[in-house]
Amino acid sequence: MKYKGNKKHWLFIAVLLVCGSFSSLRAQELLSKEEAILMTLENNYDIKLTENSLETAKNNASVYNSGYLPTLFTNAGGSFDKKDTETTLANGNENVVDGAETKNFNASIGLDYVLFNGLGRFYTYKKLKENYNLSELQARDVMENTLITLFSAYYEVARLSENVNNQKETVEISKQRLKRAAYGSEYGQTTKLDVLNADVDLNNDSITYLSLIRELANAKRDLNIVLGRDVNTEVEIDTTVTYLEDLSLDTILSKTLKNNVGYLQTKKALELSEYDVKINNSGWMPTVSLTSSYAWNNRINDPTNPFGPIALTQTGINAGVAMRWNLFDGGNTTTRVRNAKIAVDRIETQQEQQIELLKRNVNNSWELYQNALFTLKVQKVNVETNKLNFQRSEEYYRLGQISSIDFRLAQVNLVNAELTLSLAKYAAKNAELALLKLSGEIIANKQF
C-alpha cells in the first residue's frame, strides 16, 4: 500500500495551493513607482492636511492681515424720550406739558488709519510672509517623510512578494521530497524516519508560506494607507530595484548643508526671530493715526425747552491726526526686546548644533549605504553558490548518493541565502533614499 500521508496535512497544502491559484488568477494591475508617487501626492491624508495648513498660512500672509489697510466703519442710532414737565419761570409763571417728546437720530461713516507705528507693521508683514515660507518648508518636510514612508511600504511589499514566491518553490520541493521518501519507504530504499522528517519539513515550510502570505497581505494594507485608498485594494508592485551610480559623500554632505529641509526650517526660524527683535524695537517709536468721519444728526427737542430750537439737524465732516508716544511703559518694551535677542542667540546655537548633527547623520548613513551595497554584492554571490550547491545536492539525492537530511540542509541554505539577498536588496535602496532625504534631493530624484 502506498503512503498517503496525514489527511490534515494534505488538506492544508490543498488549501494553500487553491488560495495561491485564486490569487494568481485575479487580474491585478502592476503599480509602478511613478504611479505610486502620483497617487500618494494626490490622495495621502497627511499631505491633504498639510495642504490645508498651507492654505491657512497663505491667508495669514495676505495684505488683509497686514495692518496696512484702513478700518472703515459706520455707526447709527436713535433715541426717544417722553415725559411730563412742570416749569416755573422766574416771574412766577408756570408751564405744564404732558407727554413732551424728544427724538434724536444720528448716523456716521468713519475711517481710521495708522500712518506710522515705528515700522512695527512693516516688519510684522514681512514676518507673515516668512511664516508662509516656513509653512512651505514644513509642507515639504511632510511630503519628504511621506515619500520615505511610501517607499518603505512599497519595497516591503516587494520583498515579501519575492519571499512568498521563493517559499512557494520551497513548498513544491518539499512536496516532491515527501513523495520520493514515501516511494522509497514503500520499496525499502528509505526508512520510515525519512518519511516522517520529510513530512515535518513540509509542514514547517507550509506554515512559513502561510505566514508570509499573511505578512504580505498586511504589508499591502500598509501600502494602501499611504496611497490614500481602500486598504483592501489588491496591488501588485514592481520588484525591480536600481541604484544611483553618481553618489559621493562630499556631494551629499554639500547638498545637505544647503538643501536639508530641517536645516532650512532652522534658518527660517532664525529669520523670524530677528524680525521679532525689530518688531519689539518699534515699541520705542511713536504711533501716528488718522481719524476721519462724516456724520448726520437730527434732534427734535421737547417743546418746553426754552434754551434751544425745537428741531436741529447737523451734518459735517470730522478729521484729525493723533500721536501717541510711550516715553516709558514700565520696562515692557525693554523686556520684550531682550527676550527676542535671547531667542535669536538660542536659535543660532541650535543651528550650529544641527550642522554637526547633519554631518554625523550623513556620514553614518553613507557608511550604512556602503555596507548595504557590499552586503548585497556578497549575497548575490552567496545565492549563486547555494543554487549550485542545491542543484548538485538535488542530483545526488535522486541518485541516492546523499541522505535526505543533507538534501534538506542544502535546501534550507538556499532559502536562507535568498531571504538574506532580498533583505539586502531593499535595505540598500532604503539606505540610498535616506541619503537623498538628508541631502534634500528625495523629491527631485527621478530614480526610485
> For the chain, with the dipole built from +1 on Lys and Arg beta-carbon atoms and -1 on Asp and Glu ones, taken about the Cα centre, which of Thr266, Ser422, Asn298 lies farthest toward the positive end?
Replying inline: Ser422
>> Sort Val321, Val288, Val195 by heavy-atom solvent-accessible area, probe 1.4 angstrom, most to least.
In response: Val321, Val288, Val195
>> If you roll a 1.4 angstrom probe over the protein chains with everything in place, what fraction of the accessible area of the chain belongs to carbon and sulfur, to the nearest %?
In response: 54
> Just how large is the dipole of the chain about the Cα centre, in debye to the nearest 20, putting +1 at every Lys and Arg Cβ and -1 at every Asp and Glu Cβ?
Replying inline: 1280
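What whole-number value in Å² describes the accessible area per residue of region 148-254 for a 1.4 Å probe?
49
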> What distance in nm separates the simple spin-label points at Asn59 and Lys380, each placed 7 Å from Cα in the Cβ direction?
Replying inline: 5.4
> What ³J(HN,Hα) values, in whole Hz, does the Karplus curve 6.51 cos²θ - 1.76 cosθ + 1.60 give for region 75-88 when θ = phi - 60°, with x put for Gly and Pro?
Replying inline: 10, 8, x, x, 9, 9, 9, 10, 7, 8, 10, 10, 10, 10
>> Under a crude label model (7 Å from the Cα following the beta-carbon direction), how far is Asp84 from Lys192 in nanometres?
In response: 12.7
>> With P(r) over Cα pairs in 20 Å bins from 0, in percent as the read-out, I listed (i) 16, 29, 22, 15, 10, 5, 2, 0; (ii) 24, 51, 21, 4, 0; (iii) 17, 36, 26, 17, 4, 1, 0; which label goes with the value calculated from this structure?
In response: (i)
>> Is the C-alpha gyration tensor of region 193-259 telling us rounded, prolate or oblate? Criteria: a/c under 1.5 is rounded; beyond that, a/b larger than b/c is prolate, otherwise oblate.
In response: oblate
>> Order Phe80, Phe73 by their accessible area, 1.4 angstrom probe, all chains in place, largest first.
In response: Phe80, Phe73
> Under the Karplus relation 6.51 cos²θ - 1.76 cosθ + 1.60, θ = phi - 60°, what is the ordered set of whole-Hz ³J(HN,Hα) values for region 277-283, x standing for Gly and Pro?
Replying inline: 4, 5, 5, 6, 5, 5, x
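Expressed in nm to one decimal, what extension gain is obtained for the pair Asn416 and Glu215 from 0.36 nm per residue of sequence separation less their Cα-Cα distance?
Here the segment from Asn416 to Glu215 would lengthen by 70.6 nm.
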> Hey, what's the Cα Rg ratio for region 38-194 versus the globular rule of thumb, 2.2 N^0.38 Å?
Replying inline: 2.85
> Amide H neighbours of Glu236 under 5 Å, counting only residues 5+ apart in sequence or on other chains, H built in-plane at 1.01 Å?
Replying inline: Glu29, Leu31
> For region 272-364, which chymotrypsin sites (Phe, Trp or Tyr not before Pro) are both in a DSSP coil and crowded by at most 10 other Cβ atoms within 10 Å?
Replying inline: Phe307, Trp325, Phe328
>> Cross-link candidates for Lys359: which lysines have Cα within less than 28 Å, leaving aside residues fewer than 8 places away along the same chain?
In response: Lys255, Lys258, Lys267, Lys268, Lys341, Lys377, Lys425, Lys429, Lys437, Lys446
> Which one of Leu128, Ile148, Val96 is farthest out on the positive end of the charge dipole of region 92-171, using unit charges on Cβ (Lys, Arg +1; Asp, Glu -1) and the Cα centre as origin?
Replying inline: Ile148
> Residues with amide H under 5 Å of Ile402's amide H, sequence separation 5 or more or different chain, H placed in the peptide plane at 1.01 Å from N; which?
Replying inline: Tyr397
> Helix-derived [θ] at 222 nm for the chain: sum -39500 (n - 2.57) over DSSP H runs of at least 4, divide by residue count, nearest 500?
Replying inline: -23000 deg cm²/dmol
> So how tilted is helix 7-25 from the main axis of the chain? Cα-based, degrees 0 to 90, rounded to 10.
Replying inline: 50
> Say each of Leu72 and Gln314 gets a label point 7 Å from the Cα, pointing the same way as Cα to Cβ; how far apart are those two points in nm?
Replying inline: 2.6
> So how tilted is helix 120-186 from the main axis of the chain? Cα-based, degrees 0 to 90, rounded to 10.
Replying inline: 20
> How about region 137-242: which trypsin sites (Lys or Arg not before Pro) there are in a DSSP loop, with at most 16 other Cβ atoms within 10 Å of their Cβ?
Replying inline: Arg229
> Which length gain, in nm to one decimal place, applies between Lys341 and Glu29 when the Cα-Cα distance is subtracted from 0.36 nm times their residue separation?
Replying inline: 106.5 nm
> Can you list residues whose amide H is under 5 Å from Ala100's amide H, if they're 5+ apart or on another chain and H is modeled 1.01 Å from N?
Replying inline: Lys83, Asp84, Thr85
> Among rounded, prolate and oblate, which fits region 228-328 when a ≥ b ≥ c are the square roots of the eigenvalues of its C-alpha gyration tensor, a/c under 1.5 means rounded, and a/b larger than b/c means prolate?
Replying inline: oblate
> Heavy-atom accessible area of Ser404 with all protein chains present, probe 1.4 Å, nearest 10 Å²?
Replying inline: 10
> From the backbone phi of region 252-257, what are the Karplus-calculated ³J(HN,Hα) couplings (6.51 cos²θ - 1.76 cosθ + 1.60, θ = phi - 60°) in whole Hz, Gly and Pro given as x?
Replying inline: 4, 5, 4, 5, 4, 6
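The values are calculated or read from the model by the stated rules, or taken from the named source; none is laboratory data. All values derive from a computational prediction rather than experimental measurement. Virtual Cβ from ideal backbone geometry, glycine too; neighbours counted across all protein chains shown. Accessible surface is based on the protein model in full, side chains and every heavy atom, while ligands, DNA and RNA are left aside. Shrake-Rupley method; radii C 1.70, N 1.55, O 1.52, S 1.80 Å.
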